[in-house]
Each structure stands twice: as C-alpha cells, then as structure tokens.
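Right, one structure below, let's go through it.
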Amino acid sequence: MRIITTLFLTLVLLGCNNEPSQSEEASKNEDQTAQPAETKTSTEAKTESHDGHDGHNHQHDSHVHESTSGPLISAGYSEVEVKDRCETPTVIEFFAYQCPHCYKLEEHVKEWEKNKSDDVQFITVPSDLGREQFTVFVVSHYIAERLNVLDKVKPQLFAIIHENKPINNILEVFTAAGIPEEEAKKAFEDSETIRKDLVKGFELSKNYKITGVPKILVNYQYTVDVTSAGGYEKVFEVVEDTLKLSAKCKTFTASDS
C-alpha cells in the first residue's frame, strides 16, 4: 500500500510548485529532533526497543584491530551480520535529502568519491524517513541514477531543501542536467521500475537495520557514522580503514544467511 501511495504522490508532485518555506521548516525540525550527527528514521523507536534501551540510538562500541604491520589501530565502526555477496569492495551510503547531517556530510562524500579506488563500488540509498512529502526526492534520485545524471542532480536536490533553491517543477532539475523534459517525464511515469527501486532500497535498509542517517555500510559488514568516526571529516578515513579489513561478503553464499 505504501508503494502505491508513493507512486501516486510522485506523479502528483510532478505538477506541484516547490514551497521553500515548508522545506526550510522541515530542515529546522530535523535539526531540533535529531541525535548529534544523525537523523533517526521513523521506525527507529521500534527497532531500539528490541535491546531494552528505549529512547536511545544504541551503537556497538568502537573496535580496536591489529593491522597486518603490527601496531594497533583504533577504528570507529560497528560490525554487522553479512547478508549479501560482493564481487568487488563495496561502500553503501544511506542518507536522506532532508537530513541536515547528510547535507553536511555530502562535501566529504563527493571528495571521497572523486578520489576513491576505481575498484570500489559506491552505492547510494536515499530514504524519505517515513515522510511522504520527501518521497519525490527519493524517486528523483533513482531516476537520475538511471539516466546517468546523479552527479548533477544530487547537489540540486539537496539545494532545494537546504539552500531554498526555487523550482516550479521537479522536471526542471533534470532539464538543467541535460535531460529532455519528455524523457524525464517518461521516467517518472515508469511506475514499475520506480517500485522496484524503492523496494530494493527499503529491503537493504531493513536487512542491515539502518535506523538513522547518514550511515555508511562497507562490504556489507562494517557500519560507520559521523559520531562513531569522531566527526564529518573523519568518516571516510574510517571507511578507508575498513576497506582494508577482511571482507566476508566475498565468500558469502545464500546458505550462510
């Protein structure tokens, strides 16, 4: 039912004007309610109750690992159960466009992506955090990815919310990125592909118990966030450290789950 509602809202929002004041207020609300350096998803309270720590964003303690060269290195990450196979090193970013912490981290995301090793696969998974007024941003993200203009569209989607960038129609973001309006509109009307994208993202978030954003998942085994890493500028230093650790996803099979 949620998927059907999402698709309906997306089509309706194609013809809606942007409302900067409403978006700005949403961003302010996120700032007031978020835990330091993390915005909670709408389902987090239910998830947290499983460990008996209601009202807190429960995190595993940071680990200390021994490097192959001998000295101990401190790494601000948590280890999770691997549920997917990877052929190459894989880094997944879970985020939300309306999340102020995600917006602040974005400059570091772009810098790391520009300099990352060519063999590292980078996947982005947006969420509306259970707030349907932001679903159009999630759908726009997946469409931009499919049309190979995500590098141009992603900054603009953040700007609409956090910089009050005015638009009359979401299609303007795509035409500014070089996509003909009719091609973009056709992509928005492809409800079956959109549904598959949304379900895939939801299932990935559910499988790895992503209860707050931004969150980085490395090789389906290690999670990193701003708090655990010790700051926005340190997140991808930790990501690089975890990429050097053993990766169970390379040998994972369905029978392991």
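Only the coordinates and a few stated rules stand behind these numbers; no lab work does. No experiment lies behind these values; they were computed from the predicted model shown. Reconstructed Cβ throughout: ideal geometry from the backbone, glycine too, with neighbour counts over all protein chains shown.
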(request) Could you tell me whether region 150-211 comes out rounded, prolate or oblate from its Cα gyration tensor? Rule is a ≥ b ≥ c as square roots of the eigenvalues, rounded for a/c under 1.5, then prolate if a/b exceeds b/c, otherwise oblate. (result) oblate
(request) Could you sort out which of K116/K234; K104/K165; K154/K215; K104/K206; K83/K200 sit more than 19 Å apart by Cα distance in this structure? (result) K104/K206
(request) Starting from the Cα of S117, step 7 Å along the direction of its Cβ; do the same at E182; then give the gap between the two resulting points in nm. (result) 4.6 nm
(request) Give me the number: length gained by fully extending K152 to K104, i.e. 0.36 nm times residue separation minus the C-alpha to C-alpha distance, one decimal in nm. (result) 15.5 nm
(request) Quick one: check the C-alpha center-to-center distance for region 166-185 versus region 93-109, whole angstrom. (result) 23 Å
